[in-house]
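Coordinate-derived values only; no laboratory data. For clarity, every value in this text was computed on a predicted model and none was experimentally measured. Here Cβ is always computed from backbone atoms with ideal geometry, including for glycine, and neighbour counts include all displayed protein chains.
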Amino acid sequence: MSNSTKYIFVTGGVTSSLGKGIISASLAKLLQARGYEVTIQKLDPYINIDPGTLNPYEHGECFVTDDGAETDLDLGHYERFLNVPTSQANNVTTGRIYQAVIEKERRGEFLGKTVQVIPHITDEIKERIQILGKKGEYDIVITEIGGTVGDIESLPYIEAVRQMMWEFENDCIVVHLTLIPFLSAAGELKTKPTQHSVKQLLELGVQPDVLCCRTEHELDLTLRKKIAKFCNVSVNAVIESLDAETIYDVPILMQEEGLDKVVLEKLSLPNKTRPKLENWKKFLDTLKHPKKEVNIALVGKYVELKDSYKSIAESFIHAGVANECQVNLKWIHSEKISSHNVAKELEEMDGILVAPGFGSRGISGKIEAVCFARENKIPFLGICLGMQCAVIEFARNVLNLQDAHTTEIDPESASPVISMMEEQKNVANLGGTMRLGAYKCKLKPGSKVAQAYNTELISERHRHRFEFNNEFLKKFEAKGMVATGINPDTGLVEVVEIPKHPWFVGAQYHPEYKSTVAKPHPLFVSFVEATISNTKKKKSKK
Ligand code: GLN
C-alpha cells in the first residue's frame, strides 16, 4: 500500500514525564528546518472527552486552539516550536474515540456486528491518525502516544500503531523514548529498564526504529552498542537525550545526536539539506545572554504547579528575548494576598500579571493585586479572569460600587459589572460549552494595545463564560477605564485600559496561546517593555 504522508509514532517507556512532548516538538522542528511540512498530534489515553473539564492540578494547563478545541498542554509546545497552528484533529482522547464509536453504533453503522476494541476502536484510532495525513498539507505527521508502554489504557493505541506499521511498511517508524538511570551506588548507567520496555513493545508486536535515551550522564559507545544489540536497532539509532538547560536547547542537542538524520534515513527521505536553524540559534543566544532583568509577579491560584500557567511562562521567555531581558517570574498564590500584606508581596515587582481562572478561591487576593498595581502605577496585565478582576476592582474603588462583582461568584450582585453572556445562559453541559477559540477584535487607535499590535484588527483565542457588562461601560469610561478592544460582530468588550496609567491592560482573551519562538506575542513584548521602563524609573528615583 502506498501513502505519500510519512508517520512517526513517539512512544514512551520505563516512566512517565520523560518529555515526549518536547522530543516530538524538537524532532518536528528539525524536520521543518529541513523544509518538510510537519504537524504533531497527541493521543491521550484518558477517558475524558478533552482536558477542558480537568482541574489544572491533574494535567496542567488546558491549551486552546483557533478552532476552539480544549487540548493537552503539549499542543502549546508544538505551536511554540513550529509556529504553525494546531486544531482539534491534533488532540484525541480515548473518551473521544469511544464517543465516536458508540455514536456510530447507535446510528446502526456497524450493521448488526458486535462492536469490539479490535477492530472498531483501533480503526477509529487509525482514522484519527490519518485525518491529518489525508489533508495533503503535511509531508510528515508525528503522533505522540500519551502514557507509558505497558499501561492498560494505551494498549489499543499501540495495537493501532502495530497495524499501521504493517499496512504502511515504508511510511511509518516508531521512536521510543526511554530512561537510562544512573545508579550512584554502582556508579553506573543501567540499560535494563530500556531493554525491558523495548521487550514490552515487542510483545505487542512493535519494533522501535529509534531509541531516544533520557540520561543524566553521557552514553559512551560501548553502552550505545549494548543498547543497540539488545533492542535490535542500529547504533546510530541510539540517541542520547541529556538533561537540557532549557527546553529550547533540545532541538539543537537532538541535531547534534543526529536524530533528524536517522529518522529521515529510516523513512527513506532525502537528508542531504542542512536544517536552517539560524533564527532558533539566535533566539537561544539572546535567551542565554540577557542584557537586563525584570521581576514580574504572576498572581494565580495554581502557582504550586507551574504547568498550570505553562503558556504564560513561555510567553514571558519569548517576550524577554524580544527585549533582550531576563524575566524573573515570582509566582504568588492569590489566596495568600490580603490588604495587609499586598504591599510587602508586590512592592519589589516591576510588573504584575493576574492570571486566568475559575471560581471564587483566591479572587479577593487577585483584586488586591490589581488595586496595588493601579494605585502604584506598576505595569499590569490581566488575562481573562485577571481582566475581570481589574474591572471589578475599578468598579468598587473608583466608581464606588462597593458590591460590584462577577455573577460567576455573586449571582445576586446589584452591580454585576461582569455577567454571563446571553448565549451561555441556557447551556447545561460543562464540557466544550464556553466561548472558545478565535474571535476578531477591533482595537482603538492610539491605545496601548493598538500600539503593541501595530494594527487595528486582531484575532485572539478565548475560553470563558462571563464578559464585561456593557450597561456599565459609560460609567467606566467617564472615570478613566476605557474599552480599547471590541468584538466587531457582537460589541463585546475584549480589552480594557487605563490611559492615565503607564501600562494597564486587561484582556478577556488569552494572548499566551499565540506566543511562539518565531513570533513572541506583541502584548507580552509590550508589557515586558513597560516593566523595563518601570525599573529605569525606580532606579532614577533612588
Ligand atoms: N471564569 C471566568 C469566565 O468564565 C474567566 C475564565 C478564564 O479566566 N479563562 O468568564
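Dividing the summed helix terms, -39500 (n - 2.57) for each DSSP H run of n ≥ 4, by the number of residues in the chain produces a 222 nm estimate of -10500 deg cm²/dmol to the nearest 500.
Extension gain for Glu456 to Asn55 (0.36 nm times residue separation, less C-alpha to C-alpha distance): 140.8 nm.
Taking the DSSP bridge list for the chain and keeping only pairs wholly inside it, about 30 percent are antiparallel. Distance between the pseudo-spin-label points of Trp166 and Glu218 (7 Å out from Cα toward the beta carbon): 4.3 nm. Checking the cross-link pairs Lys281/Lys366; Lys276/Lys442; Lys475/Lys538; Lys377/Lys475; Lys261/Lys281 against a 30 Å limit on the alpha carbon distance flags Lys281/Lys366; Lys276/Lys442; Lys475/Lys538 as lying beyond it.
Note on Lys225: aspartates and glutamates with a C-alpha under 18 Å away, same-chain residues under 8 apart excluded, are Glu188, Asp209, Glu240, Glu257. Extending 7 Å from the Cα toward the beta-carbon at both Leu111 and Lys225 defines two label points whose distance is 5.7 nm.
Between the C-alpha center of segment 19-35 and that of segment 129-176 there is a gap of 16 Å. Most simply put, segment 157-244 has about 15% antiparallel DSSP beta bridges, counting only bridges with both residues inside it. Residues whose amide H comes within less than 5 Å of that of Glu144, counting only those at least five positions distant or on another chain, are Val10, Gln41, Lys42, Leu43 (H built at 1.01 Å from N in the peptide plane). In terms of its C-alpha gyration tensor, segment 457-521 has an oblate overall shape, because the principal axis ratio a/c (a ≥ b ≥ c, square roots of the eigenvalues) is not below 1.5 and a/b does not outweigh b/c. Looking at the square roots a ≥ b ≥ c of the eigenvalues of the Cα gyration tensor of the chain, which shape do they give, rounded for a/c under 1.5, prolate if a/b is larger than b/c, or oblate? Note, shape of the chain comes out prolate. In the distance distribution for segment 140-205, Cα-Cα pairs more than 17 Å apart total 50 percent. Under 16 Å from the Cα of Lys135, which lysines turn up, not counting those fewer than eight places away in the same chain? Answer for Lys135, where 16 Å is the Cα cut-off: Lys6, Lys126, listed by chain and number. Across segment 483-500, rounded Karplus estimates of 3J(HN,Hα) from the backbone phi angles (6.51 cos²θ - 1.76 cosθ + 1.60, θ = phi - 60°) give 7, 10, x, 10, 6, x, 8, 10, x, 5, 7, 10, 9, 10, 9, 10, x, 7 Hz, Gly and Pro being marked x. Taking label points 7 Å from Cα along the Cα-to-Cβ direction, Glu293 and Asp410 give a separation of 4.1 nm.
In this structure the amide hydrogen of Val417, modeled in the peptide plane, comes within under 5 Å of the amide hydrogens of His405, none closer than 5 places in sequence on its chain. Roughly speaking, what is the centre-to-centre gap between segment 208-263 and segment 481-542 when only Cα atoms are used, to the nearest Å? Rounded to whole Å, the Cα centres lie 42 Å apart. FRET efficiency for the pair Lys330 and Gln402, taken as 1/(1 + (r/R0)^6) with r the Cβ-Cβ distance and R0 = 30 Å, rounds to 0.45. Working from Cα pairs under 8 Å separated by at least six residues, relative contact order for segment 360-433 is 19 percent.
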